[in-house]
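J.: Let me give you the structure first, and then I'll get to my questions.
The values are calculated or read from the model by the stated rules, or taken from the named source; none is laboratory data. It should be emphasised that the depicted structure is a prediction, and the values quoted were computed from it without experimental measurement. Glycine also receives a Cβ, built like all others from the backbone with ideal geometry; neighbour counts cover every protein chain displayed. To get the accessible areas, we keep the full protein, side chains included, count just its heavy atoms, and leave off ligands, DNA and RNA. Shrake-Rupley method; radii C 1.70, N 1.55, O 1.52, S 1.80 Å.
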Amino acid sequence: MGRAIHLLGAPRVERDGQPLPAPRGHKVWGLLAYLALCQAPVNRSHLATLLFEDADDPLGALRWNLSQLRRLIGDAGLGGDVLHIPRESTDFVDAAVILGGSWGEALRVPGLGHELLEGMNFPSSPSFEIWLATERRHLQGAAEGILREAALARLAVGAAAEAADLAGRLVRLNPLDENFQALLVRSLAAAGDGVGAARQAAACGDLFRRELGVAPGPALAAAISTVTATPTARPTTGRAAARAQIDAGEAAINAGALEAGLHCLRCAIVEADAIGDNTLRARARLALGGALVHAARGRDEEGATALHEALAVSQSESSPLAAAACRELGYVEFLRSRYERTLVWLRRAQTLAGDDRAEQTRIATVHGSALSDTAHYQEAIAVLRDASAAADSLGEAKQSAYALSMLGRALLLCGDHPGATAALDRSLALAQGIWTALVPWPQSLRAEIDLLHGDIDAAAERLEHAFALGCQLNDPCWEGIAARGLGRVAIARGDAQGATEVLVDAVARGSRLPDAYLWGKGYTLEVLCRLAVEQGLPQAAVWVEELHALAARSGMRELTVRAHLHSAALGHSASGKSARLLAEGIGSPVLLELTEGFARPSDDSLA
């Protein structure tokens, strides 16, 4: 290995495995971390504002630190007004591997689970301190995603003891995540340690009641006994029997008979395993995993185990089944806002799918949705428009409805109300005809446009229907999103107290299951924070910190900007500057207008 940059734990730069002499001062390391993790080149005035706002001569201080950095890593990318570290100039950056590498690569990173620039603080640069705290949370979340993915992959190939070790590391990093606790319990049970699994489940219950005041959900208890396929008696045998069980299972699930359908799919797995047909083995596991992710509530982790198994038994490098499994695993990561892992899975799915246009369209829809969640709006809009058009040309009405709903959301967040209205109206019309379960999502977003145009009664009517339907479907995500809108209706009608009660309930509804859509929770929590700050509620600071933690860990950039703005309104002036700097990187007209009052110092003031 040539040059390697280690930013996790105590930072260092190595050449051919040997550490180079460390530079003087923390700010050289801060400069290196910022440039290494930025997604685009950065101009000097931005860096001077961020890291050297306390200096008499910020640009002079930047020049001196850049000279120290050049001695450490070379001149490439560090000259001129716009600075960056070219990927080709460095063989290894540990944080980049955590964010974008495979789980196998990331597990070999020495600093996995350690803090970015561990032990370093920058009290004279408050804007940089805020950036660093945000990135530390983001990388911690990414490390957890790596360990979870690795544990599931080992569990899928029968290496349950290794899975339990990885899940144990995961729980030590974040013991209050119910999914992680359930994964550890499931791994212990699969490894034959039933006593250990029961003890872990009991200890988790005690911890949750003590720290959170609630008991864990049913997923934890189910993890002790749930396996992907319980051996069953085989009334018929052979490939035809396995295919029939898959068809019957999918038909039952589509008809709403979930448990009967899951039983058929588990029987299909047993049958396919018995005859040793890897294509059927993969297809049965893909069907089960997809059903658990999309049709069952609170069982995404069990579904992910089945999907990993489907991938493990699908031996072809261009298998459409493997592509679908990777795409579904990416979707699971998307729901839980582990967006780097989403993109890793989708890149793999794109390669496996080859020229399968229908699968590539499904992959693109998840990709565009993840880009929108993370406020890469222009790219998201382009990808989702193409996905919707492709779905239309293929006659995939459900796929088109979903892509249009996500396109409408991205346009709405960017302030393009006519474009958003057109996309959401078409999504809603398609969903009402063929996919009732999707209706509350575009309907709630469409009501947002009504509110922005002052039509409160129309918004209330849409939202009341969306909420009632979400409750009928027992879908916590749609309940939470619709209730968020109802909270906004109460605000528009001047009922701040009623709005607070509705929004607190909406946050709870939207996150009551361990596999709920986390962006939806953040989107709802942001309105609650805004109201709490405006009303001077005593819980405002707690809710703002919760929003910031959620957005920072996942990379939800717009919600991070909004959390900073709420912090600024509570008296943290550096948060306003941070909001403006991040908003400039996003480029959304809505966010730029919101942060206009926090414009950073002019270049003249830095001269």
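J.: Take the Cα pairs of the chain, get the Kirkwood Rh, then feed it into Stokes-Einstein at 10 °C and 1.306 mPa s and tell me D in µm²/s.
T.: 62 µm²/s
J.: Hey, what's segment 276-326 come to in accessible area per residue, 1.4 Å probe, Å²?
T.: Value for segment 276-326: 30 Å² per residue.
J.: State, to one decimal in nm, how far the label point of Glu14 lies from the label point of Asp386, with both points 7 Å from Cα in the Cβ direction.
T.: In this crude label model, Glu14 to Asp386 measures out at 3.9 nm.
J.: When a/c reaches 1.5 or more, the comparison of a/b and b/c decides; with that in mind, is segment 9-106 rounded, prolate or oblate per its Cα gyration tensor?
T.: Since a/c reaches 1.5 and a/b is larger than b/c, the shape of segment 9-106 is classed as prolate.
J.: What is the helix-to-structure angle for 239-254, meaning the angle in degrees between its Cα long axis and the longest Cα principal axis of the chain, kept from 0 to 90 and rounded to the nearest 10?
T.: Tilt relative to the chain: about 60 degrees.
J.: Between 0 and 90 degrees, rounded to the nearest ten: what's the tilt of helix 440-452 against the longest Cα principal axis of the chain?
T.: For 440-452 against the chain, the angle is about 40 degrees.
J.: Next up: Please sort by residue number the trypsin sites (Lys or Arg not before Pro) in segment 105-199 whose DSSP state is loop and whose Cβ has at most 15 other Cβ atoms within 10 Å.
T.: Arg108
J.: Let me ask something else about it. If you take the square roots of the eigenvalues of the alpha-carbon gyration tensor of segment 371-449 and sort them as a ≥ b ≥ c, do you get rounded (a/c under 1.5), prolate (a/b over b/c) or oblate?
T.: Oblate shape, in that a/c is at least 1.5 and b/c is the bigger or equal ratio.
J.: Carbon and sulfur: what percent of segment 495-607's accessible surface (1.4 Å probe)?
T.: Here carbon and sulfur together make up 53 percent of the probe-accessible area.
J.: When the convex hull of the C-alpha atoms of segment 123-268 is computed, what volume per residue in Å³ does it have?
T.: 167 Å³
J.: Could you tell me how many degrees, from 0 to 90 and to the nearest 10, lie between the Cα long axis of helix 278-294 and the main elongation axis, the longest principal axis, of the Cα atoms of the chain?
T.: 70 degrees
J.: With a 1.4 Å probe and every protein chain left in place, work out the accessible area per residue of segment 331-452 in Å², rounded to a whole number.
T.: Counting only protein heavy atoms, the per-residue value for segment 331-452 is 33 Å².
J.: First check a/c for segment 101-181, with a ≥ b ≥ c the square roots of the eigenvalues of its C-alpha gyration tensor; if it is under 1.5, answer rounded, and if not, answer prolate when a/b is larger than b/c or oblate otherwise.
T.: Prolate is the answer for segment 101-181, as a/c is 1.5 or above and a/b outweighs b/c.
J.: Leaving out ligands, DNA and RNA, and with a 1.4 Å probe, what % of the accessible surface on segment 1-109 is carbon or sulfur?
T.: Carbon-and-sulfur percentage of accessible area, whole number: 50.
J.: Where the centre of each part is set by its Cα atoms, how far does segment 320-364 sit from segment 461-487, in angstrom?
T.: One Cα centre to the other: 28 Å.
J.: Going toward the positive end of the dipole of the chain, with +1 on Lys and Arg Cβ and -1 on Asp and Glu Cβ, which of Ala48, Ala401, Leu147 do you reach last?
T.: So the residue we want is Leu147.
J.: Using a simple charge model, +1 on the beta-carbon of Lys and Arg, -1 on the beta-carbon of Asp and Glu, nothing else, what dipole does the chain show about its Cα centre, in debye to the nearest 20?
T.: Charge dipole, the chain, about its Cα centre: 1000 debye, nearest 20.
J.: Return the carbon/sulfur percentage of the accessible area of segment 312-406, one whole number, probe 1.4 Å, all protein chains in place.
T.: Ligands and nucleic acids excluded, carbon and sulfur reach 49 percent.
J.: Work out the FRET efficiency for Arg347 and Ala257 from their Cβ-Cβ distance, taking R0 = 51 Å, and round it to the nearest 0.05.
T.: Efficiency for this residue pair is about 0.90.
J.: Based on the Cβ-Cβ distance from Leu570 to Arg239, what FRET efficiency comes out when R0 is 60 Å, to the nearest 0.05?
T.: The pair Leu570/Arg239 has a calculated efficiency of 0.40.
J.: While we're on this one: Give, in nm to one decimal, the length gained when the segment between Arg24 and Asp75 is fully stretched (0.36 nm per residue of separation minus the Cα-Cα distance).
T.: Full-extension gain reported as 16.6 nm.
J.: Measuring with a 1.4 Å probe in the full set of protein chains, what accessible area per residue, in whole Å², belongs to segment 478-585?
T.: Here the per-residue accessible area is 35 Å².
J.: Something else: Would you mind getting the Kirkwood hydrodynamic radius of segment 286-358 from its Cα pairs, rounded to one decimal in Å?
T.: 12.0 Å
J.: Of Leu7, Leu155, which has the most accessible area with a 1.4 Å probe, and how do the rest follow in descending order?
T.: Largest to smallest exposure gives the sequence Leu155, Leu7.
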